[in-house]
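Everything below concerns the one structure shown next.
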Amino acid sequence: MSADQSKMETLKSSLSGFIDMGLRDHPNEIDERMEFFLKNPSKRIYVEIPIRVGKGNMAVYTGYRVQHNNARGPFKGGLRYHVDVDLDHFEILASLMTWKCSLVDVPFGGAKGGIDVDPEEVSEQELEAITKKYVDKLKNDIGPDVDIPAPDMGTGMREMGWIFEQFSKSAGYKPGVVTGKCPEIAGIHGRSEATGYGIAHVTKKALEEAVKDVDSSSVAIQGFGNVGRHLAQRLDEMGAKVIAISDKSGGLYCEDGIKLRSIIDKLAEAEPKSLSLAELGGDLSGAKKISNEELLGLEVDVLIPAAIEGVLHQGNADKVRASLIVEGANMPMSFEAEKILRQKDIDIIPDIFANAGGVIVSYFEWVQNHQRDQWSRETVLERLEKQLDKAWEKILQKKKQDELDYRTACYSIAISKVIVAMEMRGLQ
Ligand code: NAD
C-alpha cells in the first residue's frame with residue numbers, strides 16, 4: 001500500500017471512529033440501515049471534462065462531487081482544484097460537512113468536490129473553460145436549493161464567479177448557486193476572514209472554560225494560508241502570544257511572540273509572487289526557524305493545526321505538550337492520536353465546531369442572495385459570533401450532563417439532529 005493510500009485508510013477509519021463515538025450515545029435509534037445512511041454518501045458523481053488546450057490539442061480532466069446527506073437542507077461544500085483529488089477523499093470531507101452544518105445549526109447537508117487540475121499549470125482561459133464545462137455536466141446536481149459549492153484549495157472568488165455565470169445562463173440569475181463570491185457580484189463581506197476569526201473566537205471560549213484568559217495564553221499555529229493567517233492576526237489582536245507559525249516550507253518560533261505585522265507586510269510586498277515563510281529572509285525580529293514537527297511538540301497553552309489532514313498521528317501524538325488543541329484544519333488528527341492525547345488530559349476542540357465559521361458565513365451569503373440583501377462586515381462577524389456561542393452552550397451542556405469529551409459531545413449533537421431530520425422526512 002502506498003503512503004497516500006495508507007493515509008487515506010487512516011483518515012477513513014478515523015472518521016468512522018469519530019462517528020461511532022457520537023453514535024454510542026444513540027444506541028436505541030440506530031439500526032444497521034440508519035448507520036449505513038449516516039456513514040455513506042447519498043451520491044458520488046464522476047464526470048469527464050474534455051477541453052482544447054494550446055494549439056488545438058485536447059486534454060481530459062476529471063470532475064467529482066460527493067453528496068453525503070441532505071436531510072437538513074441542500075448539500076453544501078467546497079470545490080477543490082488539485083491533481084491529487086479522488087472520490088474517497090471527497091467522501092470524508094463531505095461527511096464532515098454534514099456534521100458541521102448540523103452542529104452549528106446551519107440548514108444544509110454535506111458535500112465536497114473538485115477537479116484533478118493544477119491551476120498553476122493551465123491558462124486562465126483554460127481554467128475558465130474547465131470550470132464552465134464542469135458546471136454544464138453537473139447542472140442538474142447543483143443549484144441554490146440542491147447543492148451549493150464554495151471555494152476550497154485551489155479555488156476562490158474568481159472560480160465562484162464563473163460557476164454563478166455558467167449556471168445562470170440556463171437557470172436565470174441565481175447567485176445562491178455558489179457562496180464565496182466577490183462582494184461586487186452578491187458575495188458577502190467578511191468571508192475571507194470568517195474561518196480564522198471563528199477559530200479564534202472558539203479558542204477564547206475553550207480557554208475560558210479551562211479558566212484561562214486568551215491574553216495570557218501562548219499559541220502555536222500550523223498553516224499560514226487563508227485560515228492560519230487570519231487566525232494568527234485575530235488571536236494577536238485579542239492579546240494572545242502567537243509564539244510559532246508555519247507553512248509547508250517550515251516554521252518560525254519566537255518565545256516573546258512572532259512579529260506578525262512585519263511578516264504579513266513582507267509577504268504582501270512580494271505579491272503577486274507568493275513567498276513561503278522559509279523564503280522571507282532578512283530580519284525576522286528574533287524569530288528562529290523550526291520544523292513543522294517541532295512546532296507540534298512545543299510547550300504552549302494552545303496548539304492549532306490549521307494546514308492539512310492527518311498531521312497528528314500515533315507516531316507523534318505523545319510528543320504534544322499543549323494543554324488544548326483546536327482543530328483549525330479538517331481531520332488534522334487520527335482516531336489513534338486522539339486516544340493518546342486524551343490519556344494525556346489534553347482537551348481537543350474538534351474541526352466540526354472549531355472551523356465552522358466559514359460555513360456559517362457561507363450560509364449568511366446564501367440567505368442574503370435569497371433576500372437580495374448585503375450586510376456590513378461588522379454585522380456578519382457579530383452574527384457569526386452569536387451563532388458559534390449558541391452552539392457552544394449546547395456543546396458544553398451535553399459534555400457536562402453526559403460527562404463526555406468535546407468530540408463525542410459534538411458528534412452526538414450533530415448526529416442526533418440528522419437522525420431526527422431523516423426520520424421526520426421518512427428518508428431512511
Ligand atoms: P490554504 O491552502 O490557504 O493554506 C494551507 C496552508 O497549509 C499553507 O500555509 C500551506 O503552506 C500549509 N501547508 C500545506 N502543507 C503543509 C504541510 N505538509 N505541513 C505544514 N503546513 C502545510 O488553505 P486554508 O484555506 O488556509 O485551509 C487550511 C485548512 O483549513 C484545510 O484543512 C481546510 O480544509 C480547512 N478549512 C478551511 C476553511 C476556509 O474557509 N478556508 C474552512 C474550513 C476548514
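The values are calculated or read from the model by the stated rules, or taken from the named source; none is laboratory data. Treat the numbers as computed from the prediction; the structure is a model and nothing was measured. Here the Cβ positions follow ideal geometry from the backbone for every residue, glycine too, while neighbour counts run over all protein chains shown.
So in segment 352-377, with the set limited to residues that are outside any helix (DSSP H, G or I) and surrounded by 15 or more Cβ atoms within 10 Å (Cβ to Cβ), which one is nearest to the ligand (Cβ to nearest atom)? Applying the filter and picking the extreme gives 355. Of all residues in segment 310-333, those that are within 13 Å of the ligand (Cβ to nearest atom), of a type in the set (Asp, Glu) and farther than 17 Å from residue 205 by Cα total 0. When 154, 176, 198 are screened for being in a helix (DSSP H, G or I) and within 16 Å of the ligand (Cβ to nearest atom), only 198 passes.
Among 6, 95, which is part of a helix (DSSP H, G or I), closer than 19 Å to residue 150 by Cα, among the hydroxyl-bearing types (Ser, Thr, Tyr) and out of contact with any Ser or Thr (no Cβ under 9 Å at 6 or more places or on another chain)?
On the way: 6 fails: closer than 19 Å to residue 150 by Cα.
After ruling out the rest, the residue left standing is 95.
Only one residue in 148, 185 is at pLDDT 95 or above, away from the ligand (no atom under 16 Å from the Cβ) and of a type in the set (Val, Ile, Thr), so which one is that?
Numbers: 148 fails: away from the ligand (no atom under 16 Å from the Cβ).
Answer to the check: 185.
Inside segment 125-150, residues that are of a type in the set (Gly, Ala, Ser) and on the phi < 0 side of the Ramachandran plot make up a count of 2. Exactly one residue among 104, 53, 47, 66 is at pLDDT 90 or above and surrounded by fewer than 20 Cβ atoms within 10 Å (Cβ to Cβ), and that residue is 47. Of the residues making up segment 338-351, those that are away from the ligand (no atom under 13 Å from the Cβ) and in a loop (DSSP other than H, G, I, E, B) are 344, 345, 346.
Yes/no matrix, rows are residues, columns are (1) closer than 24 Å to residue 156 by Cβ; (2) buried (at least 24 other Cβ atoms within 10 Å of the Cβ); (3) touching an Asp or Glu at 6+ places or on another chain (Cβ under 7 Å):
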| position | (1), (2), (3) |
| --- | --- |
| 71 | no, no, no |
| 74 | yes, no, yes |
| 77 | yes, yes, no |
| 81 | yes, yes, no |
| 86 | yes, no, no |
| 93 | yes, yes, no |
| 99 | no, yes, no |
| 109 | yes, yes, no |
| 118 | yes, no, no |
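Only a single criterion out of (1) surrounded by fewer than 24 Cβ atoms within 10 Å (Cβ to Cβ); (2) under 20 Å from the mean Cα position of the chain (by Cα); (3) more than 27 Å from residue 222 (Cα to Cα) is not satisfied by residue 401, namely (2). Residue selection: residue 72 satisfies the criterion of being among the basic types (Lys, Arg), in contact with a Gly (Cβ under 8 Å, 6 or more places away or on another chain) and touching a residue at least 40 places away in the same chain (Cβ under 8 Å). Screening segment 221-280 for residues that are surrounded by 14 or more Cβ atoms within 10 Å (Cβ to Cβ) and among the basic types (Lys, Arg) and picking the one that is nearest to residue 291 (Cα to Cα) gives 248.
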